[in-house]
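Notes follow once the structure below has been shown.
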Amino acid sequence: MNIDNNDILIRLRYALDIKNTEMVEIFKLGGMDFSKDEVMKVLTKSVDEDDQQENHIPCDDEVFESFLNGFITYKRGKKEPKPGQPERPAITYEHVNNLLLKKVKIALSLTSEDMIDILEDAGVKVTKGEMSAILRREGHKNYQICGDRYARNFLKGLTIRYRG
């Protein structure tokens, strides 16, 4: 079963118990101006083509990454850009699962060991080397794409840790 961006957002929101008003604020911090109604439509799964128009807003990679950037700002505060730097981080279009792990790690001030423990909470053993490869910059010779299984179990581990 493939995990899509809307599903990841739904699971992340649940795991960290993020309220609807906080979701609106996080999107805004990431540069997406969504109303509470629109956020609710992003936080639904698409059932079929007809439903998609009325009750569902697909969360494409740009919307997803903007949310994660906003989440970092929401959790850690606004970082003043250095001279010549853009106001917001550029959208990288990196693999969504890798982005999820990297940006949540930054937002929650987690160490790589914390990340490994979170996955272990969900019953998945990951070595430091594997975690390091997933957290590397795309294009690095040791970079590894994070599979859906790791992403799902990371979200499950976050749920256990933050809601358990």
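The values are calculated or read from the model by the stated rules, or taken from the named source; none is laboratory data. All figures in this text were calculated on a predicted structure; none of them were measured in a lab. Keep in mind that these areas ignore ligands, DNA and RNA; they rest on the heavy atoms of the full protein, side chains included. Shrake-Rupley method; radii C 1.70, N 1.55, O 1.52, S 1.80 Å.
Over the chain, average the accessible area per residue using a 1.4 Å probe and give it in Å², no decimals.
Here the residues of the chain average 57 Å² of exposed surface.
Given axes a ≥ b ≥ c from the Cα gyration tensor, I'd like to know whether the stretch 69-164 is rounded (a/c under 1.5), prolate (a/b larger than b/c) or oblate.
In terms of gyration-tensor shape, oblate.
At 1.4 Å probe size, with the rest of the protein present, what percent of the exposed accessible area of the chain is carbon and sulfur atoms?
47
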